[in-house]
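**Student:** The structure under discussion is supplied below as structure tokens; questions concerning it will follow.
The values are calculated or read from the model by the stated rules, or taken from the named source; none is laboratory data. Nothing here was measured: the structure is a model prediction, and the numbers come from that model. Note that each Cβ is placed from the backbone with ideal geometry, even for glycine, and that neighbours are counted across all protein chains shown. Only protein heavy atoms, including side chains, enter the accessible area calculation; ligands, DNA and RNA are left aside. Shrake-Rupley method; radii C 1.70, N 1.55, O 1.52, S 1.80 Å.
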Amino acid sequence: MPELPEVEVVRRGLDAHVVDKAITAVRVHHPRAVRRHEAGPADLTARLLGARIVGTGRRGKYLWLTLDDGSALVVHLGMSGQMLLGDVPNENHLRIAALLDDGTALSFVDQRTFGGWMLADIVTVDGSDVPAPVAHLARDPLDPQFNRDSVVTVLRRKHSEIKRQLLDQTVVSGIGNIYADEALWRARLHGGRLASSLSRRQLGELLDASATVMSEALGQGGTSFDSLYVNVNGESGYFERSLDAYGREGEPCRRCGAVMRREKFMNRSSYYCPKCQPRPRVRR
């Protein structure tokens, strides 16, 4: 699933090309792409026709287009969703097609059909206007109003693995499996360490590492392991070349030279250095 940097790359691309444009045509090609819109595809289509896009937003891994009627078109990319401008390279995976008043085609392409569009009301949470389905998400480390110390306080109360907490979008949003492993490597922490066992300094450094690695990924267009993640122009990011932990099983640690390892965690894979990130001791 695309994580914060990849979604932010898409949001920035949309912001540069669709704001102040009106939607003149909409066609839903696959009902699963609008399954989260409870009123159904006909209602979504009718409400989008003539709507003007007045802004874009993102929280964590969700992005949205703000419309002139005060609602938001929430876009969930799922595992393979793409928001594309212009020609669609593979129409077999085209799920929703829209046309803007300047003639630009705006398409939602999704090979695995886990993502989709929905219309939602805007609500105010902690001083920020967000779509109602996104209101439960915590702020992410790149949010200007992200309160690092408050998140550290929350983490200090969590008696579970620190990686599990990094992936909990109600604690801190936007961090997925890839960037959790990268941040843990940079902070020299094993993901199996209990959050409550870590000092405020360690937790603060881990959150700082999360922000740093995601900022670096954003600067390189995100991380693309295959053609499923692309920006609005269909181009892949290339931060995967800079990864220090994720996907590097059997390769030398870039810091100490020890052989990187992989282990299962929450139906995912975790990558770490056994020397720089020692496993927590098992209490007898």
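**Student:** Calculate the length of the line joining the C-alpha centroid of the stretch 243-284 to that of the stretch 160-205, in whole Å.
**Tutor:** Here the answer is 14 Å between Cα centres.
**Student:** Once a ≥ b ≥ c are taken as the square roots of the eigenvalues of the Cα gyration tensor of the stretch 58-123, is the result rounded (a/c under 1.5), prolate (a/b larger than b/c) or oblate (a/b not larger than b/c)? Display every interim value, and only then the final one.
**Tutor:** Values: a/c = 2.45, a/b = 1.26, b/c = 1.95.
It comes out oblate by the Cα gyration axes.
**Student:** Which whole-number percent is the relative contact order of the chain (Cα, under 8 Å, 6+ apart)? Present the calculation step by step, with values, prior to reporting the outcome.
**Tutor:** Values: 598 pairs, mean separation 48.9, N = 284.
Reported relative contact order: 17 percent.
**Student:** Using only the Cα atoms of the stretch 153-204, build the gyration tensor, take square roots of its eigenvalues as a ≥ b ≥ c, and label the shape rounded, prolate or oblate: rounded if a/c is under 1.5, else prolate if a/b is larger than b/c, else oblate.
**Tutor:** On the way: a/c = 1.62, a/b = 1.14, b/c = 1.42.
Because a/c hits 1.5 or more and a/b fails to exceed b/c, the stretch 153-204 counts as oblate.
**Student:** At 1.4 Å probe size, what's the solvent-accessible area of Trp185? Round to the nearest 10 Å².
**Tutor:** 20 Å²
**Student:** Charges only on Cβ, +1 for Lys and Arg, -1 for Asp and Glu: so what's the dipole of the chain about the Cα centre, in debye to the nearest 20?
**Tutor:** Numbers: 39 positive and 34 negative charges, 410 e Å.
The dipole of the chain has a size of about 1960 debye.
**Student:** Okay, helix-only estimate at 222 nm for the chain: each DSSP H run of n ≥ 4 adds -39500 (n - 2.57), divide by all residues, round to 500 deg cm²/dmol; what do you get?
**Tutor:** Numbers: 6 runs with 67 residues, N = 284.
Helix-only estimate at 222 nm: -7000 deg cm²/dmol.
**Student:** Quick one: dipole size for the stretch 1-130, taken about the Cα centre, charges +1 on Lys/Arg Cβ and -1 on Asp/Glu Cβ, in debye to the nearest 20.
**Tutor:** Result for the stretch 1-130 is approximately 380 debye, rounded to the nearest 20.
**Student:** Right, something else. Keeping the other protein chains in place, figure out the carbon and sulfur percent of the accessible area of the chain, with a 1.4 Å probe.
**Tutor:** Working: 5890 of 13070 Å².
Heavy-atom surface of the chain belonging to carbon and sulfur, 1.4 Å probe: 45 percent.
**Student:** Considering the options Ser196, Leu142, Val171, tell which one lies farthest towards the positive end of the dipole of the stretch 130-217, charges being +1 on Lys and Arg and -1 on Asp and Glu at the Cβ, about the Cα centre.
**Tutor:** Ser196
**Student:** Hey, can you find the accessible area per residue of the chain for me, probe 1.4 Å, expressed in square angstrom? Numbers along the way, then the final one.
**Tutor:** On the way: 13070 Å² over 284 residues.
Accessible area per residue, the chain: 46 Å².
**Student:** Note the listed values (1) 7, 28, 32, 21, 11, 2, 0; (2) 6, 27, 35, 24, 7, 0; (3) 7, 29, 38, 22, 4, 0, then indicate which one is P(r) over Cα pairs in 10 Å bins from 0, in percent calculated from this particular structure.
**Tutor:** This structure yields the entry labelled (1).
**Student:** Can I ask one more? Please list 50-61, 19-30 highest first by mean number of surrounding beta-carbon atoms within 10 Å per residue.
**Tutor:** On the way: 50-61: 19.2, 19-30: 16.3.
Top of the packing list down: 50-61, 19-30.
**Student:** Determine ³J(HN,Hα), in whole Hz, for all residues of the stretch 94-107 in sequence, where each value follows from phi through the Karplus function 6.51 cos²θ - 1.76 cosθ + 1.60 and θ = phi - 60°; x replaces Gly and Pro.
**Tutor:** Per-residue couplings from phi come out as 6, 9, 9, 10, 10, 10, 9, 6, 9, x, 6, 8, 10, 10 Hz.
**Student:** Apply the a/c threshold of 1.5 to the C-alpha gyration tensor of the stretch 1-92 and tell me whether it is rounded, prolate or oblate. Each step should come with its number before you reach the end.
**Tutor:** Working: a/c = 1.36, a/b = 1.12, b/c = 1.22.
Rounded is the answer for the stretch 1-92, as its axis ratio a/c remains below 1.5.
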